[in-house]
Amino acid sequence: MIEVKSLLTMEISKPILSTYNPAVRTYNILTEFMHDNCVPNQIGKNLCMWIDQDGILGEIDCVYPRVTYSEKCPITSIKHRVRGIPKLKVVSLDAEIFVQHYLSGFITWIAENKEITHEITMGSIKFFTSEKELVGILSENTQAISN
């Protein structure tokens, strides 16, 4: 389980890079906050999240995830939408990871069968939460890359 501890109400200064490599089924999100002090957290079998000492996401790599064609949590139930930078805390490393192709990007599902109550927009990605629990991350404008 990943918890959203708090929210910085500021905008990011650089675009977020989101890529998908179909040859090796790798999904990647890279933010301006990725640096040498970010700590890798292996979530489930397929997801690695680099988070800095303040809880800010640096990068996500998802390798050979299970692909789903349906929402694991209904996106239509969102009650609160805000802009900002979420501060995250990894509470548990156990999770069943799914990726869903969505419009021009993808959603990395970290939980399923939860009611999405909040959407936090940070540049071109959206964090979906059920209260304080992070359940999914939508990355828009994903670039397909090849070897």
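The orientation-averaged projection of the convex hull spanning the C-alpha atoms of the chain amounts to 8.1 square nanometres.
Under the combined filter of DSSP loop state and at most 16 neighbouring Cβ atoms within 10 Å, segment 1-101 retains these trypsin sites (Lys or Arg not before Pro): Arg25, Lys45, Lys79. Shown for Ser139, Ser77, Ser92: other C-beta atoms within 10 Å of each C-beta, ranked fewest to most, produce the order Ser92, Ser77, Ser139.
Basic side chains Lys and Arg get +1 at the Cβ, acidic Asp and Glu get -1 at the Cβ, and with that the dipole of segment 2-141 about its Cα centre reaches some 220 debye.
Note that segment 107-115 has calculated 3J(HN,Hα) couplings of 10, 9, 8, 9, 9, 9, 6, 10, 7 Hz, one per residue in order, obtained from phi through the Karplus relation 6.51 cos²θ - 1.76 cosθ + 1.60 (θ = phi - 60°); glycine and proline are x.
Applying a DSSP loop filter and a limit of 11 other Cβ atoms within 10 Å to the chymotrypsin sites (Phe, Trp or Tyr not before Pro) in segment 1-106 leaves Tyr69. With contacts taken as Cα pairs under 8 Å and at least 6 residues apart, segment 56-147 reaches a relative contact order of 28 percent.
Highest mobility in the GNM of the chain, judged by mean-square fluctuation with C-alpha springs under 10 Å and restricted to Val90, Val135, Val99, is found for Val90.
Values quoted throughout were computed directly from the atomic coordinates according to the rules given, and no laboratory measurement underlies them. Remember, it's a predicted structure, so these values are computed and weren't measured experimentally. FYI the Cβ positions are ideal-geometry reconstructions off the backbone, even for glycines, and counts take in every protein chain you see.
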